[in-house]
Amino acid sequence: MNEEKLEYWINQLNQELDMETCESFWDDRANEFNQRAEKRQEKADQMAEELIQKGMISSQSKVLDIGCGPGTHSIAFAKKGCQVTAMDISSNMLKHLKEKAENLNLPSITLIKENWEEVDLNHYGWNHYFDMVIASMSPAIHNWDTFDKMMTASKGYCYISAFIKRKDKLGDEIQRRVGDKGVHLTNKIESIQNILRIQGINSELNLYHREWEMKMPIEEAAQHYIKKTRIKQEISSNIKEEIRTFLEKQQHDGVVLEKTEATVGEIIWKTN
């Protein structure tokens, strides 16, 4: 019975993503994410301090940050003295991290541009190598293989954060119109928590609320939502035009305002 339950939650975790579109999407959003990252740096610094206080990591720890983005968590761990490997599919995200690491004189961060799905742990010598492996709000962990690889890379702890609930009036309406045909929607945190439970692994779950907004020129907004949709499914030229037409009706003085509120789940566990 446990095997059947495990298979169910693995299937719930699995999600097909177009990683080429994903790379382009995050390259486009790098500047905006970098600006938002500055506001979230304090929370990441606090997280790193709490993990040290709990004895989960130390100043000598090796940390892997999967889907590091502009480096909010990589910076936080590096400031504590950890040796950080920061990986992302987006070269623009890594560019921001590189600049910040240089400005803060943090040479302990190693940058790697690669798709986690394609990473060969044996090539890097990463089997049970890192004291902490994190994937904060990262689409890199989107199926059993990427999750299991994350577990295998750790000899200590893993941390994942992801949306549990998310409300974006424009995005929700676009997805309703597109239909998400054949797209499997998943609660990553719930799936992982149940996979770990069935495997007899205890985990710690925390929830918090986030709200933010983003202003985009109409064409930038159209590209944003078209690429966001294409990450999960193929869309026709008619659908693309429908997205543009819808956004044009929402614009004011040529600008589209996206307001988002969400509940985020954080889960941490010991792998051995």
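With everything on Cα atoms, drop me the angle between helix 188-198 and the longest principal axis of the chain, reported from 0 to 90° to the nearest 10. It is inclined by approximately 40 degrees.
Helix 218-230 and the longest principal axis of the Cα set of the chain meet at an angle near 60°.
Starting from 0.36 nm per residue, how many nanometres of slack lie between LEU257 and LYS98 once their C-alpha separation is accounted for?
Length gained, LEU257 through LYS98: 54.2 nm.
At an R0 of 35 angstrom, the distance between the Cβ atoms of TYR129 and GLN53 translates into a FRET efficiency of 0.90.
For LEU64, the residues whose modelled amide H falls within less than 5 Å of its own, excluding neighbours fewer than 5 places apart on the same chain, are THR85, MET132, VAL133, ILE134. Each listed q (0.07 Å⁻¹) maps to a log10 I(q)/I(0) for the chain, found by the Debye formula over equal Cα scatterers with no solvent: -0.26. Extending 7 Å from the Cα toward the beta-carbon at both TYR8 and ARG36 defines two label points whose distance is 3.3 nm. The length gained on full extension between LYS215 and GLN60, counted as 0.36 nm times the residue separation minus their Cα-Cα distance, comes to 51.7 nm.
Relative to the longest principal axis of the Cα atoms of the chain, the long axis of helix 237-250 lies at roughly 80 degrees.
When Lys and Arg each count +1 and Asp and Glu each count -1, what net charge do the other residues less than 9 Å away from ILE160, Cβ to Cβ, add up to? Please report the intermediate quantities before stating the final value.
Working: positive: LYS188; negative: GLU266.
Neighbourhood net charge equals 0.
Semi-axes of the equivalent ellipsoid for the stretch 183-250, computed as √(5λ) from the eigenvalues of its C-alpha gyration tensor and ordered from largest down, come to 36, 17, 7 Å. Taking the average, over residues, of other Cβ atoms within 10 Å as the packing measure, peptides 3-11, 120-128, 132-140 rank 132-140, 3-11, 120-128 from highest down. So if I take the alpha carbon set of the stretch 31-172, get Rg, then get Rh from the Kirkwood formula, what is the Rg over Rh ratio? Here the Rg-to-Rh quotient is 0.95. Evaluated on the stretch 1-108, the Kirkwood hydrodynamic radius is 15.4 Å, with distances taken between all distinct Cα atoms.
Taking the charge dipole of the stretch 59-199 about its Cα centre, with +1 at Lys and Arg Cβ atoms and -1 at Asp and Glu Cβ atoms, the residue from SER191, LEU111, LEU64 reaching farthest to the positive side is SER191. When the listed pairs LYS169/LYS215; LYS169/LYS227; LYS95/LYS232 are checked against a 19 Å cut-off, the alpha-carbon distance exceeds it for LYS95/LYS232.
Counted by Cβ distance under 12 Å from ASN92, the other residues give a net charge of -2, where Lys and Arg count +1 and Asp and Glu count -1.
The string of couplings for the stretch 43-57 from the Karplus curve (6.51, -1.76, 1.60, θ = phi - 60°) is 5, 5, 4, 5, 4, 4, 5, 5, 5, 5, 4, 7, x, 7, 9 Hz, one whole number per residue in order, with x for Gly and Pro. Shape of the stretch 216-269 from its Cα gyration tensor (a ≥ b ≥ c, root eigenvalues): rounded if a/c is under 1.5, otherwise prolate when a/b > b/c, or oblate? Oblate, because a/c is 1.5 or more while a/b does not exceed b/c.
Between LYS270 and THR245, the simple spin-label model (points 7 angstrom out along Cα→Cβ) gives 5.9 nm. Only helices enter this figure: runs of n ≥ 4 DSSP H residues, each worth -39500 (n - 2.57), summed and divided by the residues of the chain, yield -15000 deg cm²/dmol at 222 nm to the nearest 500. Comparing GLN250, GLN12, GLN83 in a Gaussian network model of the chain, where Cα atoms under 10 Å apart are tied by springs, the biggest mean-square fluctuation is seen for GLN250.
Coordinate-derived values only; no laboratory data. Since the structure is predicted, the reported quantities are computational estimates derived from the model, not experimental observations. Glycine also receives a Cβ, built like all others from the backbone with ideal geometry; neighbour counts cover every protein chain displayed.
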